[in-house]
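Student: One structure, as structure tokens, below. Some questions next.
The values are calculated or read from the model by the stated rules, or taken from the named source; none is laboratory data. Quantities reported herein were computed from a predicted structural model and do not represent experimental measurements. Methodologically, a virtual Cβ is constructed for each residue, glycine included, from the backbone with ideal geometry; neighbour enumeration extends over all protein chains shown.
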Amino acid sequence: MDTRVEVKRREQNPEDSELDITPMIDIVFLLLAFFVVVSKMDPKPTVDLPIAKYGSAINEKEAVSLIVRYTGGDDCVVELYGRNQSGVKLSSDAEEQDEKILEFVIDEFSTKTDLMGVIIKVENGVKYSNTNRVFSAIKKGYDELGTEKPILVAVEEPQ
């Protein structure tokens with residue numbers, strides 16, 4: 001006695017087993033293109049700035065920037081951000097910093113005369129003597145160029 005039960009197999013449609021992912025790929029590429037176009041690349045890092053009490057805003061694109069970072073001691077680290085050279089980190093040696101800042105100012109302002117000035121971003125904790133030394137180096141560069149541009153100190157706007 002044969003007790004086999006025959007089960008009818010449902011025949012699968014070949015179109016049902018394949019998933020068309022072309023529209024999904026199109027959407028992924030559209031999203032990728034959207035975020036590439038909309039995203040803003042800012043090469044300048046954030047700095048812990050003191051809160052402003054007075055003054056007005058200056059457009060960073062119209063000036064070159066120096067970032068004076070606090071290292072925890074008496075020394076400081078200076079980073080240069082300009083049109084010709086950007087993201088240059090100087091050693092903590094004060095004399096070498098002064099020389100490089102002087103060269104930086106002369107190089108930037110001799111090739112781009114419409115710059116408004118130099119913005120100095122000084123982190124909280126940097127000693128006044130270091131800030132004053134950076135001011136002096138910029139002033140020497142201005143004197144060599146014979147220009148009268150402002151030296152601006154960046155502060156954070158109060159909320």
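Student: Check TYR81 against each of (1) surrounded by 19 or more Cβ atoms within 10 Å (Cβ to Cβ); (2) hydroxyl-bearing (Ser, Thr, Tyr); (3) touching a helix residue (DSSP H, G or I) at 6+ places or on another chain (Cβ under 7 Å) and name the one condition it does not meet.
Tutor: (3)
Student: So, in the stretch 138-159, exactly how many residues are part of a helix (DSSP H, G or I), among the hydrophobic types (A, V, I, L, M, F, W, C) and in contact with a strand residue (DSSP E or B) (Cβ under 9 Å, 6 or more places away or on another chain)? Full working, then the answer.
Tutor: Going through the stretch 138-159, the residues part of a helix (DSSP H, G or I) turn out to be 138-145.
From what is left, the residues that are among the hydrophobic types (A, V, I, L, M, F, W, C) are 138, 145.
Filter again for in contact with a strand residue (DSSP E or B) (Cβ under 9 Å, 6 or more places away or on another chain), leaving 138.
Selection size over the stretch 138-159: 1.
Student: Looking only at the stretch 39-61, decide whether some residue is modelled with pLDDT of 85 or more and at negative phi.
Tutor: Initially, the stretch 39-61 is screened for residues modelled with pLDDT of 85 or more, giving none.
Looking through the stretch 39-61, none of the residues is modelled with pLDDT of 85 or more and at negative phi.
Student: Against the definition (of a type in the set (A, V, I, L, M), loosely packed, with under 12 Cβ neighbours inside 10 Å, at pLDDT 85 or above and more than 15 Å from the chain's Cα centre (by Cα)), how does LEU19 come out, yes or no? Give the steps one after another, and end with the answer.
Tutor: On the way: of a type in the set (A, V, I, L, M): yes; loosely packed, with under 12 Cβ neighbours inside 10 Å: yes; at pLDDT 85 or above: no; more than 15 Å from the chain's Cα centre (by Cα): yes.
Considered against the rule, which asks whether it is of a type in the set (A, V, I, L, M), loosely packed, with under 12 Cβ neighbours inside 10 Å, at pLDDT 85 or above and more than 15 Å from the chain's Cα centre (by Cα), LEU19 comes out as no.
Student: Within the stretch 110-126, can you find the residues that are farther than 14 Å from VAL153 by Cα, in contact with a strand residue (DSSP E or B) (Cβ under 8 Å, 6 or more places away or on another chain) and not aliphatic (A, V, I, L, M)? Please lay out each step first, then the result.
Tutor: Just the residues of the stretch 110-126 that are farther than 14 Å from VAL153 by Cα, to begin with: 110-115, 125.
Next, only the ones that are in contact with a strand residue (DSSP E or B) (Cβ under 8 Å, 6 or more places away or on another chain) stay: 115, 125.
Listed by number, the list holds a single entry, GLY125.
Student: Can you name the residue in the stretch 130-146 that is farther than 17 Å from VAL78 by Cβ and free of Cβ contacts under 8 Å to residues at least 12 places away in the same chain and, of all such residues, is surrounded by the most Cβ atoms within 10 Å (Cβ to Cβ)?
Tutor: Going through the qualifying residues, I end up with ASP143.
Student: Among all residue pairs at least 6 apart or on different chains, which show Cβ distances below 6 Å where the first residue, located in the stretch 103-128, is closer than 16 Å to ILE67 by Cα and the second is in a helix (DSSP H, G or I)?
Tutor: The qualifying pairs are VAL105/ILE138; VAL105/GLY141; VAL118/ILE138; VAL122/THR131.
Student: Would you pick out the residues in the stretch 59-78 that are buried (at least 17 other Cβ atoms within 10 Å of the Cβ) and either free of Cβ contacts under 8 Å to residues at least 40 places away in the same chain or touching a Gly at 6+ places or on another chain (Cβ under 7 Å) (or both)? Reasoning before the result, please.
Tutor: Narrowing the stretch 59-78 to residues buried (at least 17 other Cβ atoms within 10 Å of the Cβ): 63-70, 76-78.
ALA63, VAL64, TYR70, VAL77 - these are the residues of the stretch 59-78 that are buried (at least 17 other Cβ atoms within 10 Å of the Cβ) and either free of Cβ contacts under 8 Å to residues at least 40 places away in the same chain or touching a Gly at 6+ places or on another chain (Cβ under 7 Å) (or both).
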